[in-house]
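Structure record follows, encoded as structure tokens.
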């Protein structure tokens, strides 16, 4: 038998077919010189979004005697491909997979919003997130359910399926995470998306939901998903959806402080955290355990003797989580002659300006709105008088989307201090950078000032 060697295979000579293809090869050369380096700065998403570059996508290819293969040339085609994919759209047709959960939820409540919240909880219990991003399931939803583990698509497509089978108006949202770069609406690109979440509409109110993070409130999607817009994968008409946080990233510091004639400070401090700050507190608390978490908290208050720490509402995701401290210090306040002085916010305020460069060439992206509040009351004993307290300030950017207000007021034998930083707009263009930089500079300056008391 005659044989012919091709690569690493032996095949009968009669089965070998040869052909040639003539093609033109176009080469385009691009060059740049004296290009300044781009450096990572605080509050940015993927820095590659702002690089000057040329990108090419393969539109189609065709081999001789074979049909043309076209890639996605429109968002309608992207949606069609996703809905027809066995690891995306086909999985949303497997209603029997969640039949038991649907029966349980409907038996528990008829309220659509409560049904959605139960669906989220059951999804979190059924499939834990393995830390991997994807818009496609790793195998099938049934396999992920059996393992109790899956990627982001396994988790959130299961959630979408469950919501749909409950009769709710739910759809998948395909998106690109912050580190992956922005989706560009005029540039259809299936490969640019690496994640999927759930969209829900109940009586005209829209919710974005993600079941991968067990410590986030109902409609607070992970911070990594706050990246421009996502694509609602629905036929016949797709839709773009703004990827926004449902609440501000907020911390409220409330302190009641007794000042002694010796300079000793006794403080009751409550820190209430919500939004992503609250989720981070809860995650650390449950992962480390109460004892280790408390030890870590005490380490953060180095100049204080922390006598007691309690954590409130850790398992109530819809309200702020509170950490309450009872603490004493002989080190925060300093004495010099007959003067006693200490930091206006007990060294708990903003100490550095994140915007150090004088100029910025790309936007500031906070991801979510910010609200930082300090409300402190200092009780001054009879043996001390108030020598000086910081002056008030109120500053805002021209469009009023960011502001800082600070005041320290003497009311009888008390000094009442209030500091509020609000950032209501998520993205600021470079033209507004100077205003932001100045606001944060004022925050740092005011938070570093002192209360000065004099001994009678």
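The values are calculated or read from the model by the stated rules, or taken from the named source; none is laboratory data. Since the model is a prediction, treat every value here as computed from it, not as a measurement. Glycine also receives a Cβ, built like all others from the backbone with ideal geometry; neighbour counts cover every protein chain displayed.
What the table below lists for this structure:
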quantity: Hits in region 165-201 (condition: modelled with pLDDT of 95 or more and in a loop (DSSP other than H, G, I, E, B)); calculated: 166, 167, 168, 176, 177, 193, 194
quantity: Any pair with Cβ under 8 angstrom, 6 or more apart, that starts in region 68-88 at a residue that is in the same structural domain as residue 196 (by TED's automatic domain parsing) and ends at one that is modelled with pLDDT of 95 or more and part of a helix (DSSP H, G or I); calculated: 82/89; 83/89; 84/90; 87/153; 88/82; 88/153; 88/157
quantity: Test: residue 45 is modelled with pLDDT of 75 or more, outside the structural domain of residue 137 (by TED's automatic domain parsing), assigned to a loop (DSSP other than H, G, I, E, B) and within 23 Å of residue 187 (Cβ to Cβ); calculated: yes
quantity: Matching residues in region 162-190 - criterion: being farther than 15 Å from residue 240 by Cβ and out of contact with any strand residue (DSSP E or B) (no Cβ under 7 Å at 6 or more places or on another chain); calculated: 162, 165, 166, 167, 178, 179, 180, 181, 190
quantity: Region 128-142, residues that are more than 20 Å from residue 82 (Cα to Cα) and in contact with a strand residue (DSSP E or B) (Cβ under 8 Å, 6 or more places away or on another chain); calculated: 128, 129, 130
quantity: Members of region 404-451 found to be assigned to a strand (DSSP E or B) and either surrounded by 18 or more Cβ atoms within 10 Å (Cβ to Cβ) or outside the structural domain of residue 348 (by TED's automatic domain parsing) (or both), listed by number; calculated: 404, 406, 408, 415, 417, 419, 421, 422, 423, 428, 451
quantity: Only one of 122, 99, 135 that is closer than 20 Å to residue 193 by Cβ and in contact (Cβ under 8 Å) with a residue 40 or more places away in the chain; calculated: 135
quantity: The lone exception for residue 193 - which of (1) more than 21 Å from residue 206 (Cα to Cα); (2) free of Cβ contacts under 8 Å to residues at least 40 places away in the same chain; (3) touching a strand residue (DSSP E or B) at 6+ places or on another chain (Cβ under 7 Å) it fails; calculated: (2)
quantity: Test: residue in region 360-369 that is under 30 Å from residue 43 (Cβ atoms), touching a strand residue (DSSP E or B) at 6+ places or on another chain (Cβ under 7 Å) and assigned to a strand (DSSP E or B); calculated: yes
quantity: Members of region 313-349 found to be closer than 20 Å to residue 414 by Cβ, assigned to a loop (DSSP other than H, G, I, E, B) and under 35 Å from the mean Cα position of the chain (by Cα), listed by number; calculated: 332, 344, 345, 346, 348, 349
quantity: Test result for residue 309, closer than 23 Å to residue 246 by Cβ and in the same structural domain as residue 272 (by TED's automatic domain parsing); calculated: no
